[in-house]
Amino acid sequence: MILDVVHYGHPVLRERGQRVKEFTPELQQFIADMFETMYHAKGIGLAAQQVGRALQLTVLDVRGVADRPSTLEWNGQPADVEAFMPLVLINPKITPQGGPTTGPEGCLSFPEIYADITRPEFVEVRALDAGGAPLHFRCGGLLARAVQHEVDHLNGVLFIDRMTAEAKAELREELDALHTRTRKKLTARK
């Protein structure tokens, strides 16, 4: 089922997600719905907050993005990124590594709004998969950027919080308009 993606201005986007403790059939269905929603929206990552639930859960799939390659090390060995996609990260902990790198980012909760964001080049990830089994890997490129972006969501941090003051000032009108539209929709539902 395709879920509604919430937009900037919805309070759930600023909530820190609760840890996932039970791997129920309901959780498995929610994960499947998140993937369906992400693919429908043509995204490469989606956090639970973006579909209205404050959980430590994100889904990712960077397959098919040729112009922004990803790297992956699994158990300390180079691995084929595509072989590990799609990816579910539950209760993730990340350790940034490497120097800063700047690249373009967008967000399904900020339609048609993009900016260059500086993040660490690599990230070490420890998480649980959809079945509760531990995952441990290191990634770079687009996958590292996507992981960091989605883990930020799980902690109530938005990519606009990572923008330079200049970039945010340039987008101020669009951001304010999106925020106002979202708040009006929420008020109308009450």
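We did not get these values from a lab; they are worked out from the coordinates using the rules stated. Just so you know, these numbers come straight off a predicted model, no measurement behind them. With ideal geometry, Cβ positions are generated from the backbone for all residues, glycine too; neighbour counts draw on all protein chains shown.
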Residues of the stretch 58-86 that turn out to be touching a helix residue (DSSP H, G or I) at 6+ places or on another chain (Cβ under 8 Å) and touching a residue at least 24 places away in the same chain (Cβ under 8 Å), as a count: 14
Subset of the stretch 47-95 [more than 25 Å from Lys21 (Cβ to Cβ), touching a Leu at 6+ places or on another chain (Cβ under 6 Å) and part of a strand (DSSP E or B)]: Ser70
Considering residues of the stretch 76-123 that are surrounded by 15 or more Cβ atoms within 10 Å (Cβ to Cβ) and among the hydroxyl-bearing types (Ser, Thr, Tyr) only, the residue farthest from Leu178 (Cα to Cα): Thr101
Matching residues, the stretch 111-156, being among the hydrophobic types (A, V, I, L, M, F, W, C) and either in a loop (DSSP other than H, G, I, E, B) or in contact with a Cys (Cβ under 8 Å, 6 or more places away or on another chain) (or both): Ile113, Phe122, Val123, Val125, Ala130, Ala133, Val147
Residue ID - surrounded by the fewest Cβ atoms within 10 Å (Cβ to Cβ), chosen from residues in the stretch 144-168 that are free of Cβ contacts under 8 Å to residues at least 12 places away in the same chain and farther than 14 Å from Asp116 by Cβ: Asp161
Test: residue in the stretch 169-186 that is aliphatic (A, V, I, L, M), surrounded by fewer than 16 Cβ atoms within 10 Å (Cβ to Cβ) and either under 26 Å from Val65 (Cα atoms) or touching a Cys at 6+ places or on another chain (Cβ under 7 Å) (or both): no
Failed item, numbered, when Thr180 is tested on (1) under 19 Å from the mean Cα position of the chain (by Cα); (2) farther than 15 Å from Val88 by Cα: (1)
Filter pass, Arg63 being surrounded by fewer than 19 Cβ atoms within 10 Å (Cβ to Cβ) and either more than 18 Å from His153 (Cβ to Cβ) or among the β-branched types (Val, Ile, Thr) (or both): yes
Among residues of the stretch 17-53, those that are in contact (Cβ under 8 Å) with a residue 60 or more places away in the chain and exposed (fewer than 14 other Cβ atoms within 10 Å of the Cβ), counted: 2
